[in-house]
1. Within 21 Å of residue 90 (Cβ to Cβ), surrounded by fewer than 17 Cβ atoms within 10 Å (Cβ to Cβ), in contact (Cβ under 8 Å) with a residue 40 or more places away in the chain and over 16 Å from the mean Cα position of the chain (by Cα): is that true of residue 151 in this structure?
2. Tell me, yes or no, whether segment 186-194 has at least one residue that is surrounded by 22 or more Cβ atoms within 10 Å (Cβ to Cβ), under 18 Å from the mean Cα position of the chain (by Cα) and under 19 Å from residue 7 (Cα atoms).
3. Filter segment 10-25 down to residues that are in a loop (DSSP other than H, G, I, E, B) and touching a His at 6+ places or on another chain (Cβ under 9 Å), then give me how many there are.
4. Restricting segment 26-38 to residues that are assigned to a helix (DSSP H, G or I) and loosely packed, with under 15 Cβ neighbours inside 10 Å, which is farthest from the chain's Cα centre (by Cα)?
5. Out of 22, 82, I need the residue that is touching a residue at least 24 places away in the same chain (Cβ under 8 Å), within 27 Å of residue 157 (Cα to Cα), surrounded by 15 or more Cβ atoms within 10 Å (Cβ to Cβ) and of a type in the set (A, V, I, L, M, F, W, C). Which one?
6. Do you know which residues across segment 159-187 are without any contact (Cβ under 8 Å) to a residue 60 or more places away in the chain and touching a Phe, Trp or Tyr at 6+ places or on another chain (Cβ under 7 Å)?
7. In a loop (DSSP other than H, G, I, E, B), at pLDDT 95 or above and surrounded by 21 or more Cβ atoms within 10 Å (Cβ to Cβ), is that true of residue 65?
8. Of the residues 110, 134, 117, which is surrounded by fewer than 19 Cβ atoms within 10 Å (Cβ to Cβ) and either among the β-branched types (Val, Ile, Thr) or modelled with pLDDT under 95 (or both)?
Amino acid sequence: MRRQIVAGNWKMNNDLTETESLITDLKKQSRSSEAEVMVAPTFTNLWHAYEALRLSDIEVIAQNMHFAESGAYTGEVSASMLLSVGIQTVILGHSERRAYFKETDEMLAKKVDAALKNNMTVIFCFGEELNDRKSGNHENIVESQIKNALFHLDEQVWSSIVLAYEPVWAIGTGETASPEQAQDMHAFIRKTLNDKYGSKVAESTSILYGGSVKPGNAAEIFSKPDVDGGLIGGAALKAEDFFAIVNAI
């Protein structure tokens, strides 16, 4: 059975005091789901969040990392640095990293390799923009992003890969992706994996949806057969909303 995961990406939000407050609120929430729950605070608050949540069932994960182990990369963080503060999972390839920091498929392939070399789990993000969707090129874009960054990997390491589909065109644009559109793309992604690696990898790899999931639409989205959870942005900053999404699985 595939892992069901709800991961909250806090992005560049919450100083230390705000992080402490949100963690306190998260601990107060009750849950009725067996989904794995993860949160990704900022780098400066990772250690504190890890310590505060270590005895809970909420995993603290990182929003990004560099492909090098060390060196002249001012401002960057390596896999070993994350591991040293208890972090075992990292988000790579987020649409904002691709757009604002010009991360390429080739760079992301190196980051994935570095994470896997250090026995970390990767939540790998990808997705098309509005012009790709309107031109009907969305499946080609998604297939290319997956193949370029991940299809050099051996089958056995896919147990450490979680995919996260982000329809960039439906995030903060006023456009809306329907649950049916989410399912269609997730099914296409699974077929792409099957064509390359076979049914074992395709059917065991979790694919999360990252298209503005909210308490009001989570249950319908998560009911789709190829949607295995969500990568949550804004709604993850409010404990009540976040756990409403968790409990929707």
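The values are calculated or read from the model by the stated rules, or taken from the named source; none is laboratory data. Predicted, not measured: the structure shown is a model, and the values here were computed from it. Cβ coordinates were reconstructed from backbone atoms using ideal geometry, including for glycine residues, and neighbour counts include every protein chain displayed.
1. Values: within 21 Å of residue 90 (Cβ to Cβ): yes; surrounded by fewer than 17 Cβ atoms within 10 Å (Cβ to Cβ): yes; in contact (Cβ under 8 Å) with a residue 40 or more places away in the chain: yes; over 16 Å from the mean Cα position of the chain (by Cα): yes.
It is true that residue 151 is within 21 Å of residue 90 (Cβ to Cβ), surrounded by fewer than 17 Cβ atoms within 10 Å (Cβ to Cβ), in contact (Cβ under 8 Å) with a residue 40 or more places away in the chain and over 16 Å from the mean Cα position of the chain (by Cα).
2. No, segment 186-194 contains no residue that is surrounded by 22 or more Cβ atoms within 10 Å (Cβ to Cβ), under 18 Å from the mean Cα position of the chain (by Cα) and under 19 Å from residue 7 (Cα atoms).
3. Restricting attention to segment 10-25, the residues satisfying the condition of being in a loop (DSSP other than H, G, I, E, B) are 10-15.
From what's left, touching a His at 6+ places or on another chain (Cβ under 9 Å): 11.
Number satisfying all stated conditions: 1.
4. Looking at residues that are assigned to a helix (DSSP H, G or I) and loosely packed, with under 15 Cβ neighbours inside 10 Å, I get 28.
5. Values: 22 fails: within 27 Å of residue 157 (Cα to Cα).
Unique residue meeting the criteria: 82.
6. Our first condition is that a residue be without any contact (Cβ under 8 Å) to a residue 60 or more places away in the chain; within segment 159-187, this holds for 159-161, 163, 165, 167, 169-170, 172-187.
Residues satisfying the conditions are 161, 163, 165, 175, 182, 185, 186.
7. Working: in a loop (DSSP other than H, G, I, E, B): yes; at pLDDT 95 or above: yes; surrounded by 21 or more Cβ atoms within 10 Å (Cβ to Cβ): yes.
Answer is yes for this residue.
8. On the way: 110 fails: either among the β-branched types (Val, Ile, Thr) or modelled with pLDDT under 95 (or both); 117 fails: either among the β-branched types (Val, Ile, Thr) or modelled with pLDDT under 95 (or both).
Criteria check complete, one pass: 134.
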